[in-house]
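Chemist: I have a structure I would like to understand better, so I am pasting it below and will then ask my questions one at a time.
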Amino acid sequence: MHSLLDFLLRHGYVVLLVWVFAEQVGLPVPTVPLLLATGALAGAGRLSFFASLFFCVLAALAADTIWFQLGRLRGIRILQLLCKISLEPDSCVRRTEGVFSKQGARSLLFAKFLPGLGTVAPPLAGIFHMRRRRFLLFDSLGALLWAGGYLSLGYVFSGEIERIAERASALGGNLLILLIASFAAYIAYKYIARRRFLRELRIARITVDELKKKIDAGEELVIVDLRHSMDFEADPETIPGAFRMDAKELEEKSDPLPRDREVILYCT
Amino acid sequence: MALLLRKKGVKRIRPLQGGLHAWRERGYPLVTAVLS
């Protein structure tokens, strides 16, 4: 933490701008410690609270606007790109779609507090053609609440954070190395587990030609359209014989599908 | 989703390569469904 404070003091607001932008674009960089540290520095009078807040909101808004525009231009396909970036893509996209369908624009106010969701909410707003002015209003307020909340926490507990930083400094650089190594190990674990599961699924994949032949041959298949209800409303066409079941229904049902048949899954 | 199904005991899971987009691109038939 001490090194983080020194680093922040040396490079100031540029670090904030780049770091927050990177996180909001979808890179797995932890922003909360940085915001707390910045708040602590503002509390100690070494950085301006309002300038820090301004740069955080600016960075978040810039990244979110890019995703919003991509959502408008590329539609639902942009979520597939996000799936490649996120560490928990399936659950994060699913949860955000659920939150978004219930809360609409208001979900932008708190999405940033839920890890991963902050990145998925802006493209969803674009996909569902939220008005630009409405998006900018709610997203700015959301960024203000998020950055302002953590900066204020750091500001209020400035003394405590300084003490923690001093103790961490006393432990030497080993603590920083340990923290970085733990974070890298966590990312590596998630990445390897996901790759392994995807490899298994890739082996079992069925092509559209193969599926068509099976349908024409009258094979007993279970075809499941996994699109969320919002995606389904936007494009109600589906493969003949398929039935729609979203993640929520699947989670709630104890015996959702017959186990003796091939289950074909698809989404967009 | 596939992981969730596997946890619930469904073993023969086969994701459709390319999804609905690929099906549509091949010109295969589609039906319009109504959300219940």
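The values are calculated or read from the model by the stated rules, or taken from the named source; none is laboratory data. Everything quoted here is computed from the prediction, not taken from an experiment. In this analysis, Cβ positions are derived from the backbone assuming ideal geometry, glycine residues included, and neighbour counts consider all displayed protein chains.
Chemist: Could you list, in sequence order, all residues of the range A:239-251 that are within 24 Å of the chain's Cα centre (by Cα) and at the interface with another protein chain (Cβ under 8 Å from one of its Cβ atoms)? Give the derivation first.
Modeler: Here is the first cut: in the range A:239-251, the ones within 24 Å of the chain's Cα centre (by Cα) are A:245-251.
Across the range A:239-251, the qualifying residues are A:247, A:250, A:251.
Chemist: Taking into account only those residues within the range A:223-238 that are over 22 Å from the mean Cα position of the chain (by Cα) and surrounded by 21 or more Cβ atoms within 10 Å (Cβ to Cβ), which is farthest from residue A:128 (Cα to Cα)?
Modeler: Among residues in the range A:223-238 that are over 22 Å from the mean Cα position of the chain (by Cα) and surrounded by 21 or more Cβ atoms within 10 Å (Cβ to Cβ), the one farthest from residue A:128 (Cα to Cα) is A:224.
Chemist: Of all residues in the range A:129-149 being crowded, with 20+ Cβ neighbours inside 10 Å and over 25 Å from residue A:34 (Cα atoms), which is farthest from the chain's Cα centre (by Cα)?
Modeler: Restricting to residues being crowded, with 20+ Cβ neighbours inside 10 Å and over 25 Å from residue A:34 (Cα atoms), the top hit is A:130.
Chemist: Might you let me know whether the range A:243-253 holds any residue that is at pLDDT 75 or above and assigned to a strand (DSSP E or B)?
Modeler: yes
Chemist: Now a separate question. Tell me, which residue of the range A:45-75 that is assigned to a loop (DSSP other than H, G, I, E, B) and free of Cβ contacts under 8 Å to residues at least 12 places away in the same chain is farthest from residue A:130 (Cα to Cα)?
Modeler: Step one: of the range A:45-75, the residues assigned to a loop (DSSP other than H, G, I, E, B) are A:45-48, A:75.
Add one more test, that the residue is free of Cβ contacts under 8 Å to residues at least 12 places away in the same chain, and what stays is A:45, A:48.
Working: A:45: 40, A:48: 34 Å.
Ranking the qualifying residues of the range A:45-75, first place goes to A:45.
Chemist: Only one of (1) closer than 16 Å to residue B:13 by Cα; (2) modelled with pLDDT of 85 or more is not met by residue A:237, so which one is it?
Modeler: Going through (1) closer than 16 Å to residue B:13 by Cα; (2) modelled with pLDDT of 85 or more one by one, residue A:237 breaks only (1).
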